[in-house]
2 protein chains.
Amino acid sequence: MNKYERGHFVVGVTPETISGPKPVLNNILEYFSTDFQEIEAALDRHFSSHLSFVNEVSRHILFAGGKRLRPLLTVCSARLCGKQDSEVYDLSAVPEYLHAASLLHDDVVDEGQMRRGKLPAYKIWGNQAAVLVGDFLYAKAIELASRFGDVRIAESISRTVSLMAEGEILQLLQAKTPNFEEAAYLEIIYRKTAALISCSCQIGGFLASASPEQVEALGNYGLCVGQAFQMSDDILDYTADADELGKLVGTDLAEGKLTLPMVVALKEADRPGKEKLLRMLRSGKPSVKDLEWVQSLFYETGSFDYTRRRAEELIFSACESLGVFEECETRNLMQGLAHFVMERRN
Amino acid sequence: MNKYERGHFVVGVTPETISGPKPVLNNILEYFSTDFQEIEAALDRHFSSHLSFVNEVSRHILFAGGKRLRPLLTVCSARLCGKQDSEVYDLSAVPEYLHAASLLHDDVVDEGQMRRGKLPAYKIWGNQAAVLVGDFLYAKAIELASRFGDVRIAESISRTVSLMAEGEILQLLQAKTPNFEEAAYLEIIYRKTAALISCSCQIGGFLASASPEQVEALGNYGLCVGQAFQMSDDILDYTADADELGKLVGTDLAEGKLTLPMVVALKEADRPGKEKLLRMLRSGKPSVKDLEWVQSLFYETGSFDYTRRRAEELIFSACESLGVFEECETRNLMQGLAHFVMERRN
């Protein structure tokens, strides 16, 4: 059976590490159902403002069916380094608050039309509220991060916030002065997505007093998973079912966003195809027919295939990074989570 | 001579603490000229992004003639507790970055028309850039704050960012559901202005390993100075010379902002006056004639006088807070700075 066949996930990366019956894909998250409950409770416990309006806007973005991938990685990383207690769940709220804050600001910046199947906050309460509640959540995250008595956690978190802002800015500049090289793309997604996922893993290590080698391994794992996550997002944006995705399909095209399939298609398409694609990227208002044309171009030029292959390589590297840890259930599950990133449908 | 007569400042608060000739107002900042140079150098040293666009936007707001009150208070506070070295200047950049970040966001939120005599960033580079460079500066501030190895500094800074966001949100809600009580006003300015000024003082104390009693005294001093600072701003907005102020006069009225003179006038004016004032606050587009009418109403109802008196009381308390420290030049100068806040013209 193909390792990446839809409907299954594989714990670990080599046949040697696989033992027993392979659980079906949808089940991997079920392994974490207790963790998810604890994560939800922690998220609920730490974000509150004494202003009910702030709570209302925060709840809208925080409790709207997020996947909780980042807190889960914090919890797993700490557990892999031997720490498992309520403090870990408290810390796991930090990256999710950062993520929520960045979504609030990104929707203002990108004028996003839908977020997790709902209207984005700025469309309901205005740009002002979205900007300020985003600031509030950033601050709450960093306030919480500084409570653990380990300066490395606060440092890692704030460095990540700078990177995330720079990533969004790069993307903004990209829309004005496009650079269609894969390197430019990787630079953006490192900052925009992978840095926070990597940080989510590292802080788990810090809290568990892991060795520098272990923290580095966790950071690499997160970096690879984060990049693969973004590439899988890039594919989903063109291929997913809108209801499952919780946002409109094809928004990356409408927003002129540089995605990996686009990078590949611009290199591989013939000249008329390339010119048509560039026109669409610039126009900002693709029709359904345009979108269908782009989808078939991406299939024809092998853009989806290439993207998926790159993501799979990254997942392989992610799993390999965890080699510094002894084999155990948590390590297997983290390797399974890395694969899950590619198999998800939203 | 009246203690608060324009053109003079008084170091200390009681005749006993005043010795020698009173320096003229404009001179107090000259006492700090070396400090200001070091502060500028520190500000320049720590904010940079590898993205030139981020640096350009950051510079626009960071180096546009800010008063550097917050960094100066950090430096003075540390010195009062016995610490004076380059680390203090490094730390002093933190509150100024936070201040700059909040200005970037506030201008987006309030649609400010002028800032320090220049167009605000969002008018030049768009809302998107202002939001994201604001995020970047917040993060840089917190990253820098976490480098001093004292978790209390990072904690105090991030708590202040939450408070500032809440303050702006309160002000936003205020515009929709007005509450004209002085308590509501004090609640807003505590968060919006005083919290950061108080934090600027406290972190200086933390860095100097001050006693809890000393840190508390510095915090109180900053809180009082910050509130007085905002009250003096409230007066300046209606009375200053636009060129000196660096922004348009009367913007608080146009933005429907709750200021202390307004609180008083709404209480003291007769019914027709009050109704006219409320209409103007709601209309959002006061004419020059409207503004003149409001100014005379504020004079007639004693609104400016009351505001000035409240600010003077706060300055008295600020100076009193420093009583836990031995009398010394730095203490005298900090008391002088508290008075300067009322005497400034911009």
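Values quoted throughout were computed directly from the atomic coordinates according to the rules given, and no laboratory measurement underlies them. Remember, it's a predicted structure, so these values are computed and weren't measured experimentally. Cβ: placed from backbone, ideal geometry, glycine included. Neighbour counts: every protein chain shown.
Could you work out the mean count of beta carbons from other protein chains within 10 Å of each residue's beta carbon in A:121-133?
Numbers: counts 0, 0, 0, 0, 1, 2, 5, 11, 5, 2, 13, 13, 3.
Partner Cβ neighbours, averaged per residue: 4.
Once Lys and Arg get +1 and Asp and Glu get -1 on their Cβ, which of B:Ala338, B:Ser321, B:Tyr299 lies farthest toward the positive end of the dipole of the range B:264-346?
Ranked along the dipole, the leading option is B:Tyr299.
So which of A:Lys123/A:Lys289; B:Lys83/B:Lys257; B:Lys67/B:Lys192; A:Lys118/A:Lys289; A:Lys123/A:Lys192 end up more than 29 Å apart, counting from Cα to Cα?
Working: A:Lys123/A:Lys289 27 Å; B:Lys83/B:Lys257 40 Å; B:Lys67/B:Lys192 17 Å; A:Lys118/A:Lys289 25 Å; A:Lys123/A:Lys192 23 Å.
From the list (A:Lys123/A:Lys289; B:Lys83/B:Lys257; B:Lys67/B:Lys192; A:Lys118/A:Lys289; A:Lys123/A:Lys192), the Cα-Cα distance tops 29 Å for B:Lys83/B:Lys257.
List the chymotrypsin sites (Phe, Trp or Tyr not before Pro) within the range A:40-110 that DSSP assigns to loop and that have no more than 15 neighbouring Cβ atoms inside 10 Å. Mind dumping the intermediate values first?
Working: sites: A:Phe47, A:Phe53, A:Phe63, A:Tyr89, A:Tyr97; in loops: A:Phe47, A:Phe63.
Passing both the DSSP loop test and the Cβ count: A:Phe63.
Label points 7 Å out from Cα along the Cβ direction at B:Glu213 and B:Glu268: separation in nm?
4.0 nm
What ranking do A:325-332, A:188-195, A:286-293 get when scored by the average of other Cβ atoms within 10 Å per residue, highest first?
On the way: A:325-332: 15.4, A:188-195: 22.8, A:286-293: 13.4.
My ranking of the peptides, most packed first, is A:188-195, A:325-332, A:286-293.
Which of the peptides B:309-320, B:205-216 is most tightly packed, and how do the rest follow, going by the mean number of other Cβ atoms within 10 Å of each residue?
Values: B:309-320: 20.0, B:205-216: 18.1.
In decreasing order of mean packing, B:309-320, B:205-216 become B:309-320, B:205-216.
At A:Arg45 and B:Gln37, where each label point lies 7 Å from the Cα along Cα→Cβ, what is the point-to-point distance in nanometres?
In this crude spin-label approximation the distance works out to 5.3 nm.
Measuring nothing but label to label, 7 Å from Cα along Cα→Cβ, what are A:Glu213's distances to the other copies in nm, shortest first?
Its label point is 5.2 nm from the equivalent points in the other copies.
I'd like the mean, over residues of B:139-150, of how many other protein chain beta carbons sit within 10 Å of each residue's own Cβ. Mind dumping the intermediate values first?
Values: counts 13, 5, 3, 14, 10, 2, 6, 12, 4, 1, 1, 1.
Mean partner shielding for this stretch: 6.
Placing a label point 7 Å from Cα toward Cβ, how far apart in nm is B:Glu187 from its equivalents in the other copies, listed shortest first to one decimal?
In nanometres, ordered from closest: 4.7.
On full extension of the chain, what length is gained from B:Ala184 through B:Asn55, given 0.36 nm per residue of separation minus the C-alpha to C-alpha distance?
On the way: separation 129, 0.36 × 129 = 46.44 nm, distance 3.74 nm.
The span from B:Ala184 to B:Asn55 would gain 42.7 nm if fully extended.
Using unit Cβ charges (K, R positive; D, E negative) and no other charged atoms, how large, in debye to the nearest 20, is the dipole of the range B:15-343 about its Cα centre?
Working: 33 positive and 48 negative charges, 169 e Å.
Dipole magnitude for the range B:15-343 comes out near 820 debye.
Could you work out, residue by residue across B:50-57, how many beta carbons of other chains sit within 10 Å of that residue's beta carbon, and then give the average as an integer?
Average per residue, whole number: 3.
Taking the simple approach of a point 7 Å from Cα along Cα-to-Cβ for both B:Glu327 and A:Arg152, what is their distance in nm?
5.1 nm
Please compute the length gained on full extension between B:Lys289 and B:Glu255, using 0.36 nm multiplied by the number of residues separating them and subtracting their Cα-Cα distance.
Values: separation 34, 0.36 × 34 = 12.24 nm, distance 1.67 nm.
The span from B:Lys289 to B:Glu255 would gain 10.6 nm if fully extended.
Which distances, in nm and shortest first, link the B:Glu320 label point to the same label point in every other copy, taking 7 Å along Cα→Cβ?
Between copies, matching label points for B:Glu320 lie 7.0 nm apart.
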